[in-house]
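First comes the structure, then the notes that go with it.
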Amino acid sequence: MDSLKRRFLFIFLSVALSATTSAAEPTLTMLVGTSNAPKMFLNDAEKPVGYFTELAQLIGRRAGYKVVIVAVPWARAVQMAERGEGVICSLSKTPEREMLFNYSNAVLVDRVVIVTLKKRNLVAASLADLKGMTIGVNRGSKYGTKYIEELPMVNLDEDNSGVSRLRKLVLGRIDAAIIPGGVAAVTFNAKMAGIDFNDLTVQKTPLAIDKNYFGISKSRPDASDVLGHLNAAIDASIADGSIEAIMNNYGGMP
């Protein structure tokens, strides 16, 4: 076989192998936030990290996809997912969102907590208990119907970072901060912010017990198929302890 024929054969086999690999492992874009540490955030190298980022990679691969993680501010991630530009990770259920998204099985259950300054001796189990106060929240996040109904009772200070939220709390710019992820997340963010955790109070009663899902726009024709694969991978990852193993690296389940 002359060199020209060998060259064409090599090109043909390369294209065929590429097509086979692509067919066997389709690409799935998974959308995460950038500032919700330790759940999903950017590290010093601007790389998306965090436990839900790892869960997305694990479950996406087990579902048979080549996973592409796209990290953008949370409100933008929700908008992109609404347009069908990817599967959004760690989405909470609300009646409004259920009109737009198909949801996977629950991946984990999150404790959303209220954080206050210890010296103020505040006690709160809901936004209603903080009526008229200024509350720091993550822009675009919604933690169930009760949370949404009580939002008009408080003055919102929205941002994209738990670190920024705790700093504003210590500076007296807000009266309380809403942090998803329980005590482990508050500890993590306080350390990143250079704040002594002992100066903070994590209120005993969580603001919400929030199930986290993958969400995919109902406008996508492949929504049901993608969710079928993801649900099988979620169930397998719960059963064999893979999800718990990742969470143990971040202080345990939230």
Pairs with Cβ under 7 Å, 6+ apart, first in the stretch 226-254 and crowded, with 19+ Cβ neighbours inside 10 Å, second outside any loop (DSSP other than H, G, I, E, B) and among the small types (Gly, Ala, Ser):
ILE243/SER237; TYR250/ALA184; PRO254/GLY182; PRO254/ALA184; PRO254/ALA185
Only one residue in LYS168, LYS142, LYS118 is within 20 Å of the chain's Cα centre (by Cα) and basic (Lys, Arg), so which one is that?
LYS142
Hey, ASP175 over 18 Å from the mean Cα position of the chain (by Cα), charged (D, E, K, R) and more than 23 Å from GLN79 (Cα to Cα) or not:
yes
Output for the stretch 92-111, where each listed residue is in contact with a strand residue (DSSP E or B) (Cβ under 7 Å, 6 or more places away or on another chain) and at pLDDT 95 or above:
LEU100, PHE101, ASN102, TYR103, SER104, ALA106, VAL107
Taking only the stretch 219-254 into account, find how many residues are part of a helix (DSSP H, G or I) and not small (Gly, Ala, Ser).
14
Can you tell me which residue in the stretch 154-185 is surrounded by the fewest Cβ atoms within 10 Å (Cβ to Cβ), limited to those that are small (Gly, Ala, Ser) and not in a loop (DSSP other than H, G, I, E, B)?
SER164
Please give the number of the condition GLY228 fails out of (1) at negative phi; (2) in the same structural domain as VAL115 (by TED's automatic domain parsing).
(2)
So ALA223 passes all but one of these: (1) more than 22 Å from ILE88 (Cα to Cα); (2) surrounded by fewer than 20 Cβ atoms within 10 Å (Cβ to Cβ). Which condition number does it fail?
(1)
Given the options LEU28, LEU55, name the one that is modelled with pLDDT of 80 or more and closer than 24 Å to VAL113 by Cα.
LEU55
What's the total number of residues in the stretch 190-218 that are outside any strand (DSSP E or B) and of a type in the set (Asp, Glu)?
2
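The values are calculated or read from the model by the stated rules, or taken from the named source; none is laboratory data. Since the model is a prediction, treat every value here as computed from it, not as a measurement. Please note: Cβ atoms are built from the backbone with ideal geometry, for glycine as well, and neighbour counts cover all protein chains shown.
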